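Structure first, then comments.
Here, each number is a calculation from the coordinates, and none is a lab measurement. Bear in mind the structure is a predicted one, so any value in this text is a computation, not a measurement. Don't worry about glycine lacking a Cβ; one is built from the backbone with ideal geometry, like all the others, and counts go over all protein chains shown.
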Amino acid sequence: MSEAPKTEQLSGAARAAAVQDIFRRIAPRYDLMNRVMTFGMDRRWRRFVVRQARLPEGGKLLDIATGTGDLAFEALRQVPGLTVIGADFVPTIMQVGRRRPSGERVRWIAADALNLPFATETFDAITHGFLVRNVIDIQRALAEQWRVLKRGGYVVCLDTTPPPPNLLRPILRFYLQKMIPLIGTLLTGQRDAYTYLPNSTIGFKTPQELAALFEAAGFVDVSYRRFMLNTIAVHWAQKPR
């Protein structure tokens, strides 16, 4: 009997369903694992993401793949009078966010990043954390972001990136492929979820490749910055005025 394919080996609807199931199962311990896996540095990355979004006071933000709302809450903290829409295709994980302090300040919406239920040019900025590595069609996701973003607005993307080929690469791969599944098993009991996450990182786009996809979608002034020994990248880009 052949072994079932791993989530990162799936494509299309099967991959989307598998990813949705993973995030549904890890929802209760999602925040804890993020803090532990990143040694608490994820908070710094999210502060940087919100600054790069260049949100105006009283503006409107769409945070896609909002999860428990880490980016959404950071945006509310930084920008007075902000309206935040938190969208995710896993309702279970948003329920965790709703119960957080100030959860009522975010408008939580179940939505597919490939078919956003919003009118054209609705938002002043769009943010997302760990979205593009998990969608089945990155170009379609970026096209939808282009559509709902106002002219002159910014999109900011936080995601993992493959360890670059240097002396640290073997150590980083060991941490990703061995330590993260072990930690995930101990804290959540979901080893397969925390095997998929690092494996999908190793097979993901380089920062340069992802920047090229933003440019192909029509965005301009595409830039990025790396964090955590080059295993995390934040990209930001503008929709032309």
> Taking the C-alpha atoms of segment 35-101, how large are the radius of gyration and the largest Cα-Cα span, Dmax, in Å?
Replying inline: 12.0, 34
> Out of Ala212, Ala119, Ala141, any idea which swings most in a Gaussian network model of the chain, alpha carbons joined below 10 Å?
Replying inline: Ala119
> When the convex hull of the Cα atoms of segment 63-203 is projected onto a plane and the area is averaged over all directions, what value comes out in nm²?
Replying inline: 10.0
>> Running a GNM on the chain with Cα contacts under 10 Å, which residue among Ile22, Ile138, Ile171 ends up with the highest mean-square fluctuation?
In response: Ile171
>> Please check: in the Gaussian network model of the chain (C-alpha springs, under 10 Å), which one of Phe123, Phe219, Phe48 has the largest mean-square fluctuation.
In response: Phe48
> For segment 183-197, in order, what is each residue's ³J(HN,Hα) by Karplus, 6.51 cos²θ - 1.76 cosθ + 1.60 with θ = phi - 60°, in whole Hz (x at glycine and Pro)?
Replying inline: 4, x, 5, 5, 8, 10, x, 10, 4, 4, 4, 8, 9, 4, 4
>> How far apart, in nanometres, would the label points at Met41 and Arg24 be if each is projected 7 angstrom from Cα along the Cα-to-Cβ direction?
In response: 3.4
>> Starting from the 7 Å offset along Cα-to-Cβ, what nm value, one decimal, do you get for the label separation of Glu121 and Asn166?
In response: 4.3
>> As a test of the definition: which semi-axes, in Å, follow for the chain when you take the square root of five times each eigenvalue of its alpha carbon gyration tensor? Largest first, please.
In response: 27, 20, 18
> Using alpha carbons only, how many degrees (0 to 90, rounded to 10) separate the axis of helix 138-148 from the longest principal axis of the chain?
Replying inline: 20
> Roughly how big is the chain's charge dipole about its Cα centre, with Cβ charges of +1 (Lys, Arg) and -1 (Asp, Glu), in debye to the nearest 20?
Replying inline: 580
> Taking the Cα centre of each part, how many Å lie between segment 98-142 and segment 70-91?
Replying inline: 10
>> Taking every pair of distinct Cα atoms and averaging 1/r, then inverting, what Kirkwood hydrodynamic radius in Å comes out for segment 116-165?
In response: 11.8
>> If you average 1/r across every pair of different Cα atoms in segment 128-241 and take the reciprocal, what Kirkwood value do you get, in Å?
In response: 15.1
>> Net charge within 11 Å of Arg100 by Cβ-Cβ distance, Lys/Arg positive one each and Asp/Glu negative one each, not counting Arg100 itself?
In response: 0
> Using a basic spin-label model with each label point 7 Å from the Cα along Cα→Cβ, how many nm lie between Gln208 and Gln139?
Replying inline: 2.1
